[in-house]
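Please treat every number below as a calculation from the coordinates, not as lab data. Note that the structure is a prediction, hence the values are computed from the model and not measured. Cβ sites come from the backbone with ideal geometry, for glycine too, and all protein chains shown count toward neighbours.
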Amino acid sequence: MIYEGKAITVKALESGIVELNFDLKGESVNKFNRLTLDELRQAVDAIKADASVKGVIVTSGKDVFIVGADITEFVANFKLPDEELVAGNLEANRIFSDFEDLEVPTVAAINGIALGGGFEMCLAADYRVMSATAKVGLPEVKLGIYPGFGGTVRLPRVIGVDNAVEWIASGKENRAEDALKTGAVDAVVAPELLRDAALDLVRRAVAGELDYKAKRQFKLEKLKLNAIEQMMAFETAKGFVAGQAGPNYPAPVEAIKTIQKAANFGRDKALEVEAAGFVKLAKTSVAESLIGLFLNDQELKKKARQYDRQAREVKLAAVLGAGIMGGGIAYQSALKGTPILMKDIREEGIQMGLDEASKLLGKRVEKGRLTPAKMAEALNAIRPTMSYGDFGNVDIVVEAVVENPKVKHAVLAEVEGAVKEDAIIASNTSTISISLLAQALKRPENFCGMHFFNPVHMMPLVEVIRGEKTSETAIATTVAYAKKMGKNPIVVNDCPGFLVNRVLFPYFGGFARVIANGVDFVRTDKLMEKFGWPMGPAYLMDVVGMDTGHHGRDVMAEGFPDRMKDDTRTAVDAMYEANRLGQKNGKGFYAYEMDKKGKPKKVVDPEAYEVLKPIVREQRELTDEDIVNYMMIPLCLETVRCLEDGIVETPAEADMGLIYGIGFPPFRGGALRYIDSIGVAEFVALADKYADLGPLYHPTAKLREMAAKGQRFYG
């Protein structure tokens with residue numbers, strides 16, 4: 001053994017060829033934490049000092065190669081002074097460069113996922129052989145940063161500027177065939193042939209059959225582009241990527257600028273340019289929020305895994321109520337491998353549900369993400385029915401009928417009589433209390449909420465709602481089913497609106513106040529979209545549907561009368577009474593026309609302004625900042641209340657619920673991280689400025705206490 005550590009070993013194989021193996025003890029994956037970096041330093045030094053070494057293959061003892069840097073460990077370093085952070089980055093880079101500069105040929109055998117620092121390790125090798133099932137990429141921009149272990153330097157010199165910009169700025173994971181096509185790897189083989197292929201390559205290089213030094217030289221020199229070619233490549237890329245990323249996500253464009261700045265330097269100087277830019281991005285609030293989002297997501301997945309032991313297997317599911325929502329649920333279940341019955345009392349409803357599932361599957365086939373055979377298989381897994389005949393074998397039923405307590409009570413009692421005793425029944429209600437609905441059931445312990453968001457196939461969140469009598473088995477089984485459907489489940493406790501809608505309605509309440517002050521809803525939408533929302537409140541209301549919003553507001557007013565009951569006639573009331581329901585009937589705040597692709601396109605409709613005239617109570621001049629605060633303060637304060645009331649257990653769950661459920665701007669990290677970014681004391685002072693608008697704007701006693709103690713929600 002040439003070197004043996006807790007994360008890395010180096011052992012002799014044959015004729016001077018050695019294997020540098022990553023296998024981090026006590027972890028399911030390999031990652032670059034401090035330990036791994038320190039051992040890589042020692043391993044490289046040991047290889048360098050051994051004159052008998054003639055070649056190196058780099059392998060992994062895990063199912064993955066290396067998933068990247070240990071972000072939980074490295075994020076603490078981002079708080080260091082700039083000079084220290086730059087120095088630490090360059091110190092890590094010297095390890096990769098010293099590996100790259102070994103006097104012998106090196107081959108990376110990529111057996112599984114190699115992302116971020118993992119792929120940067122591969123780029124430092126002379127040759128890369130990849131398993132056909134592996135994936136490689138540099139996803140750092142998704143964390144608000146860019147590659148910091150030489151990725152912006154080596155990748156453009158290996159695959160060319162255009163390809164490198166696409167890989168780095170998109171942050172996507174790339175399949176083996178794409179990596180081979182661009183030249184990011186030298187060979188792709190079947191998984192079982194990977195080791196032999198790597199050994200064959202290194203033997204050929206040792207024998208002089210392959211000129212590894214010439215291949216390496218490209219990575220050590222400046223980019224092979226003249227000034228005109230550089231200008232064309234970089235300026236075009238910056239313009240396109242800026243348009244795609246938008247103004248709130250600087251990392252993709254900064255990555256291109258860094259590649260451009262380093263284009264005329266050799267490797268070592270180029271790495272200095274990368275380090276300086278990396279540190280600049282690491283200090284931004286966007287990076288802090290996106291890294292926080294990543295860590296929150298990890299926490300969510302960990303919490304969801306805790307239910308695995310108690311979950312019962314779902315072999316057959318059912319959805320009650322077809323239509324668009326039922327069809328979406330059936331599609332998602334069947335696509336991910338769980339057969340599902342789709343029941344409705346009307347033929348038209350069943351046909352609508354089947355049409356929805358068929359349309360969504362067809363789109364996947366068009367995009368090459370599904371074969372026609374797999375589409376047929378998924379469609380066959382959806383069994384339409386108008387009776388409860390086959391419900392005796394169902395493990396879980398999702399009730400998705402009309403949002404009316406009386407109708408739901410009747411349907412739930414009916415289905416309970418048709419299923420086996422231990423079957424789980426879940427309601428897809430968006431606002432009605434689960435404990436209230438459970439009153440219709442003989443076995444309330446088998447009942448919970450399973451709230452999907454529209455459109456089901458696109459929205460990643462499912463709220464799993466615990467009622468007063470819900471058992472842990474019911475929660476665990478529902479969480480497991482949601483995960484199997486490819487969704488991110490968050491377990492919340494029962495209250496009107498649960499987490500997401502409870503928080504969303506105060507936001508809509510703020511919007512109603514803005515309109516009542518005579519502010520143009522188009523201006524409001526543009527401002528909130530600039531703030532980072534995927535759509536402004538008027539457009540969102542049109543998508544949700546004025547009837548849904550009108551009904552939801554009544555439920556919330558009944559549940560929280562102290563702050564959500566308002567007898568004033570609002571913009572939504574006016575639209576609802578004028579039968580302007582939004583996209584569902586083509587007219588709401590906006591009017592809707594079909595574009596060339598058959599999607600509804602919003603256009604400003606003068607009639608909408610006429611409908612709104614009577615609800616304008618006073619023409620108050622509101623600044624852009626006022627308009628944002630009118631909506632964001634009540635949303636944030638209601639999120640605080642949900643945490644304090646125990647509707648969710650952690651700030652991470654509250655924030656991820658809003659990001660996954662209603663598109664809260666990810667670069668702001670969620671409502672509670674947004675409060676942290678302002679400062680809790682500063683946010684309380686800001687809310688107090690708007691106290692005359694009513695209880696929705698009044699901070700809780702506990703939040704005031706946090707402000708006084710200088711506390712934060714995170715860290």
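The mean sequence distance of close C-alpha pairs (under 8 Å, at least 6 residues apart), as a share of the length of region 499-646, puts its relative contact order at 34 percent.
Residues of region 113-144 with an amide N closer than 20 Å to a point placed 7 Å from the Cα of Leu193 along the Cα-to-Cβ direction: 113, 127-136.
Region 363-431 and region 90-133 have Cα centres lying 48 Å from one another. The C-alpha atoms of the chain define a longest principal axis, and helix 624-644 lies at about 90 degrees to it. Over all distinct alpha-carbon pairs, what is the Kirkwood Rh of region 3-283 in angstrom? Roughly 18.8 Å, rounded to one decimal. When Glu577, Glu653 are sorted by how many other C-beta atoms sit within 10 angstrom of their C-beta, beginning with the fewest, the order is Glu577, Glu653. Centroid-to-centroid, using Cα positions, region 205-266 and region 439-476 are 50 Å apart. Think of region 3-283 as a dipole: +1 on every Lys or Arg Cβ, -1 on every Asp or Glu Cβ, centred on the Cα centre; then among Thr9, Leu138, Ile110, Leu138 lies furthest on the positive end.
Simple rule: put +1 on each Lys or Arg Cβ and -1 on each Asp or Glu Cβ in region 447-509, find the dipole, and look at Phe508, Val456, Thr473; the Cα lying farthest toward the positive end is Val456. The local environment of Ala482, defined by Cβ-Cβ distances under 11 Å, has a net charge of +3 under the rule Lys, Arg +1 and Asp, Glu -1. Would you work out if region 137-238 is rounded, prolate or oblate? Take a ≥ b ≥ c from the square roots of the eigenvalues of the alpha-carbon gyration tensor; rounded if a/c is under 1.5, else prolate when a/b is larger than b/c, oblate otherwise. Judged from the Cα gyration tensor, region 137-238 comes out oblate (a/c at least 1.5, b/c at or above a/b).
Structural descriptor for region 3-283: relative contact order 17 percent, calculated from alpha carbon pairs under 8 angstrom and at least 6 residues apart. Within a straight-line Cα-Cα reach of under 25 Å, Lys601 can be paired with the following lysines, leaving aside sequence neighbours fewer than 8 residues apart in one chain: Lys359, Lys363, Lys367, Lys526, Lys530, Lys584, Lys587, Lys613.
Going from the fewest other Cβ atoms within 10 Å to the most, the residues Leu622, Leu361 appear in the order Leu622, Leu361. With axes computed from alpha carbons, what is the tilt in degrees of helix 285-305 against the longest principal axis of the chain, rounded to the nearest 10 within 0 to 90? Around 80 degrees separate the two axes.
Among Val158, Val603, sorting on how many other beta-carbon atoms sit within 10 Å of each Cβ, with the fewest leading, yields Val603, Val158.
Charge tally for Ala311 (other residues, Cβ to Cβ under 10 Å; Lys, Arg +1; Asp, Glu -1): +1. In this calculation the C-beta distance from Glu529 to Asn380 is compared with R0 = 35 Å, giving a FRET efficiency of 0.25.
Rounded to whole numbers, the Karplus 3J(HN,Hα) couplings from phi for region 510-524 are x, 5, 4, 5, 4, 5, 5, 8, x, 7, 5, 5, 5, 4, 4 Hz, using 6.51 cos²θ - 1.76 cosθ + 1.60 with θ = phi - 60°, and x at Gly and Pro.
Here the peptides 475-482, 119-126, 223-230 are ranked by packing, the mean other Cβ count within 10 Å, and the order with the highest first is 119-126, 475-482, 223-230.
Considering only Val680, Gln711, Ala69, the residue lying farthest towards the positive end of the dipole of the chain is Ala69, judged by Cα position with unit charges set on Cβ. Report, in degrees rounded to the nearest 10, the 0 to 90 angle that the Cα long axis of helix 34-49 makes with the longest principal axis of the chain. Long axis of 34-49 versus the principal axis of the chain: about 20 degrees. For the residue pairs Lys302/Lys469; Lys406/Lys469; Lys11/Lys269; Lys303/Lys483, the alpha carbons lie more than 23 Å apart in Lys302/Lys469; Lys11/Lys269. In a reduced charge model with +1 at each Lys and Arg Cβ and -1 at each Asp and Glu Cβ, region 60-144 shows a dipole moment near 520 debye about its Cα centre. Estimated from the Cβ-Cβ distance and a Förster radius of 35 angstrom, the FRET efficiency linking Asp567 and Asp595 is about 0.30. Of the cross-linked pairs Lys31/Lys62; Lys487/Lys597; Lys31/Lys135; Lys54/Lys215, those separated by over 19 Å at the C-alpha level are Lys487/Lys597. For Gly112, the residues 5 or more places off, or on other chains, whose built amide H falls under 5 Å of its own are Phe65.
Our estimate of slack between Asp422 and Glu558, defined as 0.36 nm per intervening residue step minus the Cα-Cα distance, is 45.6 nm.
Seen from Leu210, the other residues with C-beta closer than 9 Å to its C-beta sum to a net charge of -1, counting Lys and Arg as +1 and Asp and Glu as -1. Overall, the chain carries a charge dipole of about 820 debye about its Cα centre when +1 sits on the Cβ of Lys and Arg and -1 on the Cβ of Asp and Glu, all other atoms neutral. Working from Cα pairs under 8 Å separated by at least six residues, relative contact order for the chain is 8 percent.
Dipole magnitude for region 501-709: about 500 debye, using +1 per Lys or Arg Cβ and -1 per Asp or Glu Cβ, origin at the Cα centre.
Computed with the Debye formula from one identical point scatterer per Cα of the chain, without solvent, the log10 of I(q)/I(0) at q = 0.06, 0.09 Å⁻¹ comes to -0.43, -0.92. Model label points for Asn404 and Ala685, set 7 angstrom from Cα along the Cα-to-Cβ axis, are 5.2 nm apart.
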